[in-house]
1. List the residues whose amide H sits under 5 Å from the amide H of residue 393, counting only those 5 or more places along or on another chain, with H placed 1.01 Å from N in the peptide plane.
2. With every protein chain left in place and a probe of 1.4 Å, what is the accessible surface of residue 214, to the nearest 10 Å²?
3. So what are the ³J(HN,Hα) numbers for segment 11-16, from phi and the Karplus equation (6.51, -1.76, 1.60; θ = phi - 60°), rounded to whole Hz, Gly and Pro as x?
4. Percent of alpha carbon pairs in segment 548-654 separated by more than 18 Å?
5. Mean projection of the alpha-carbon convex hull of segment 437-488 over all orientations, in nm²?
6. Can you list the lysines whose alpha carbon sits under 16 Å from that of residue 40, skipping same-chain ones fewer than 8 residues off?
7. When 1/r is averaged over all different Cα pairs and the result inverted, which Kirkwood radius in Å belongs to segment 673-748?
8. Return one whole number: the accessible area per residue of the chain in Å², for a 1.4 Å probe.
Amino acid sequence: MTGSTWQIGKTHRRVGAYDRMRGVSRYTADLKLPGMLHAKIVRSPHAHARIVDVDLEGALALPGVVAAISGRDLPTPYGIIPWTHDENALAVDKALHVGDGVACVAAEDEATAIEAAAAVRVQYDPLPALFDPEEALASDVRINPYAKKGNLTKEVELAFGDVDAALAGADLVIEGEYRFAGTTHAALEPHCALADVDGDGVLTVWSTTQVPHYLHRELARVLELPARRIRVVQPPLGGGFGGKSEPFDLEFCVSKLALVTGRPVRLLYTREEVFYAHRGRHPMTMLHRAGFRRDGTILGVDARSTLDGGAYSSFGLVTTYYSGQLLSAPYALGAYRFASRRAYTNKPACGPKRGHGSVQPRFAMEVQLDKAAVALDLDPIELRRRNALEADSRTINELRIGSSGFLDCLAAVERASGWKERRGRLPFGRGLGVAGSTYISGTNYPIYPNEMPQSAVQVTLDRSGRARIFSGASEIGQGSDTMVAAIVSEELGLALEDIRVLSADTDLCPVDLGAYSSRITLMVGNACLSAARALRRVVTEAVARAWEVPARRIALVDRVALDLEEPGRVMPIDEAFQRAEAEHGLLTAVGDYRSPTDRHGDYRGGAIGASPAYSFTAHVAEVEVDVETGEVHVERVWCAHDCGRALSRRLVEGQIEGSTYMGVAEAVFEHHELDVAHGGLHAGPSLLDYRLPTFLDTPAIDALIVEAPDPRGPYGAKEAGEGPLHSSIPAVANAIYDAVGVRLDALPFDPPRVLAALRERGVRREGAR
């Protein structure tokens, strides 16, 4: 960490924002190559069916159709997790959900491709479909042909301390069943991929992916090509939120068709296809028991969860662990036990959505705490204060916590919301609720085991006085390009406009593992900082030799090198670079990041949930409940987030606001719902039918930055992209209780559910608090 800074902690214009605002950024769907073909995927109308035959002849006979493939052309299974390769680019023997890809056609134009897809004749033998995870786990009908244990994807049971004794000795035990509906990402940009094979036989794939490196690996596996013959490029991305953090069928299909035809091939999902591709938040049923002393001390927690995983594993192995492992903070638990199991069902696969794996159990945990506070007649914020983990401590499941600003977060929302003066004193129908949470700043270990760095960044200085950054990190709207530019600007005294960032191109950039698990600020930031500081040493030493002074006296700031003891002595930064290049040759440096190995316990699964550092968050939500209609209006949300140190304040504020918005949306609006009565069709696969808050529905959001610097982060920084979502949902739930005295333990809090709960309790407009 440095003392004074001239760029870190300031507000920056986001790198690339001007091009996006002018509409000149070229997204994947904007790319066009000479001779480009258009592809479409044939999708199953059945939720579960054996594929008897795929007849491509009718499609191939149409004018303008160039090629067609089926699952037999791509038989190698794949998956983002190495131990769960249970998916094919196109279904080979069985279709496992409505919308599962079966065949793919390529034609001269999109209209012909659509016609050709309709001309493919697929003979199906329908099989029993299982939509309920409990039924699937009990059934002898195996959904996924690669499954190793019936319809069980993963099961985890871990215990820390004597939970039964803790609950037996508690003054108060709170029990509850909580249900979290599935939700999807709803990124504005649909998935798209374009593939081309050059004259040397190198396959280039442009994709709307968050994980170019992992896509690169899986393309090599499935296509049976050497990785060195494949290049993956991520153009500007129109949102991801976790929904593009693994390979999808379209990337394999365009690649295979490009190899077959020798021509570029592009495939753009329709919005309906995006909904069926899914990989969104898991529906989850959670049974929680928690024991407390009279003073509010948490003695023990017992959590049992069932996850509806859909047809494929996706990130499900990790999700199953996260649903329990990440519940052990920000509170000190006397004893803790969790049992989580994930089931295959005949639905689109679930995967990671912003706050992967821990948003659902956080809802249950924080409502449990609120119930306990009411029963013990304690202020809900005070109960959380009494149980808060200390900084530089270990959770009960042996995860090492570094810095923690959780108490400061609670204090910030308490003060900003007027909690002490207003809670319990608002008119009937209006209420305040609080909740707290924590999240990882990157996973401590990569998805596939290896001893190589998780991230690397190369920085090159130009004699003209500018810098070029080559970073494998995926800019998905979170501001990672701006973050690395701010670090280089800070270390080398450059203005942001003097820095060019080239990112997410596997041919030109060092490896980074991708934009997931809030890993980029800490991991890519540290790699970039290492490279920038190496170059700063070279430049300052060259200037020091020219001035015949110690290098410690040289600072690089505001496009000049200056002597700290003689401020009038300055050298333009381009001249400083030229002097250094004259001495050393090309000015370039590479920094990398390797995660520490001492952040977790020594037990099976102990590494999952481990992180170099953890962020902390507190929310207070204010709601108004209309007891006549059941509508919940979230009027205002205060979110205090401990990001370690805000490298770029406006970007951090934007992440807090975006996360909180998404949490409110999941609380009140969203439900990724299938119509089981009609064979597993999506109930509304469009942005017209899938309910999201409009501008008019969005509450006022107060983004409160709390800084508890962590020595493991660059300048002390931790994550800010996912943590600010988690506790927004239970804060809304707890505010509803404060408003009308009704508990809602199932999501979303839509009018039918709210009205049913109000009527069950006999609450009317004249109801009393």
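The values are calculated or read from the model by the stated rules, or taken from the named source; none is laboratory data. These figures come from a predicted structure and were not determined experimentally. Glycine also receives a Cβ, built like all others from the backbone with ideal geometry; neighbour counts cover every protein chain displayed. For the accessible areas, the whole protein counts, side chains as well, though only heavy atoms, and no ligand, DNA or RNA atoms are used. Shrake-Rupley method; radii C 1.70, N 1.55, O 1.52, S 1.80 Å.
1. Under 5 Å from the amide H of residue 393: 401.
2. 10 Å²
3. With the stated coefficients, segment 11-16 comes to 9, 10, 6, 5, 4, x Hz.
4. Values: 4321 of 5671 pairs.
More than 18 Å apart: 76 percent of the Cα pairs in segment 548-654.
5. On the way: hull surface 22.0 nm².
The number I arrive at for segment 437-488 is 5.5 nm².
6. Output for residue 40: 256.
7. Numbers: mean 1/r = 0.0598 Å⁻¹.
The answer is 16.7 Å.
8. Details: 28030 Å² over 769 residues.
So the chain comes to 36 Å² accessible per residue, rounded to a whole number.
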